[in-house]
Ligand code: SAH
């Protein structure tokens, strides 16, 4: 066979192979393997056991929630910048906070601090209804775009001050706060159902304690989970709560 024909044949076979790779229905996206590794090494290896949480972390394409220039870092073991001085949490922290809430399919959950929308998507994989509030409008708009593209029908977003909660949709079975106030916001306490759980980072602007609160007889019972570092919960004027 002449040399040129050999080269053309090789190119043809290689393109067929890459086409079948791309259109193979069992192959979800180009980061699927990386995501599986992330779940194995960062989530399961560190003790996350709730199968619903593990499956959600496998399903949600985290790379779609970070700015395009950070896409390749989306599955790394750390938080990443998402613009406006804000961050998407480290995958393990998302899994830990979600697992701690002990969620099930008929629950209604409130999130404070939509950010990229990734945590909202993880919740939406598990529960019936997700409500999420973000104070920076450009972030709400971007999160809305991704979540609509991914076809989530059970997430409602709004721009506003999450300290005040979302009274119209209260009470909530669970509340997840992903920005840190110094103290528990009173409206969130009121909007949590009896028996419901709230996970929240509480403390100063440098470091906080991740705290699990359970509403028992109208009062919050507190359990410290671990030390964390979240961006502060701020007011409309930018001052921290
Ligand atoms: N859960 C997000 C990460 C959140 S980062 C994710 O999955 O990507 C914390 C977010 O809280 C930031 O986007 C910040 O703008 C927002 N935030 C800070 N104070 C807030 C407030 N009072 N109400 C609502 N959102 C607030």
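The values are calculated or read from the model by the stated rules, or taken from the named source; none is laboratory data. Remember, predicted model here, so these are calculated numbers, not experimental data. Here the Cβ is made from the backbone with ideal geometry for all residues, glycine too, and neighbour counts use every protein chain on show.
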Practice task
Confirm whether residue 27 is over 26 Å from residue 192 (Cβ atoms) and at pLDDT 95 or above.
Solution key: no
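Results for (1) closer than 11 Å to residue 65 by Cβ; (2) modelled with pLDDT of 95 or more; (3) within 10 Å of the ligand (Cβ to nearest atom), shown as yes or no for each residue.
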| residue | (1), (2), (3) |
| --- | --- |
| 95 | no, yes, no |
| 98 | no, yes, no |
| 114 | yes, yes, yes |
| 134 | no, yes, yes |
Problem - Top-ranked residue of the range 128-159 - restricted to ones that are in contact with a helix residue (DSSP H, G or I) (Cβ under 9 Å, 6 or more places away or on another chain), part of a loop (DSSP other than H, G, I, E, B) and touching a residue at least 24 places away in the same chain (Cβ under 8 Å), ranked as nearest to residue 85 (Cα to Cα) - result: 135
Exercise for the section: Look at residue 198 and say whether it is touching a strand residue (DSSP E or B) at 6+ places or on another chain (Cβ under 7 Å) and not assigned by TED's automatic domain parsing to the domain that holds residue 140. Expected result: no
Exercise for the section: State yes or no: is residue 42 surrounded by 14 or more Cβ atoms within 10 Å (Cβ to Cβ), closer than 24 Å to residue 153 by Cβ, touching a residue at least 40 places away in the same chain (Cβ under 8 Å) and away from the ligand (no atom under 13 Å from the Cβ)? Expected result: no
Exercise for the section: For the range 49-68, enumerate the residues that are crowded, with 21+ Cβ neighbours inside 10 Å and part of a helix (DSSP H, G or I). Expected result: 53, 56, 57, 62, 65
Exercise for the section: Using the structure shown, decide if residue 151 is surrounded by fewer than 16 Cβ atoms within 10 Å (Cβ to Cβ) and under 27 Å from residue 66 (Cα atoms). Expected result: yes
Practice task
Assess whether residue 152 counts as being more than 12 Å from the ligand (Cβ to nearest atom) and either under 18 Å from residue 123 (Cβ atoms) or modelled with pLDDT of 95 or more (or both).
Solution key: yes
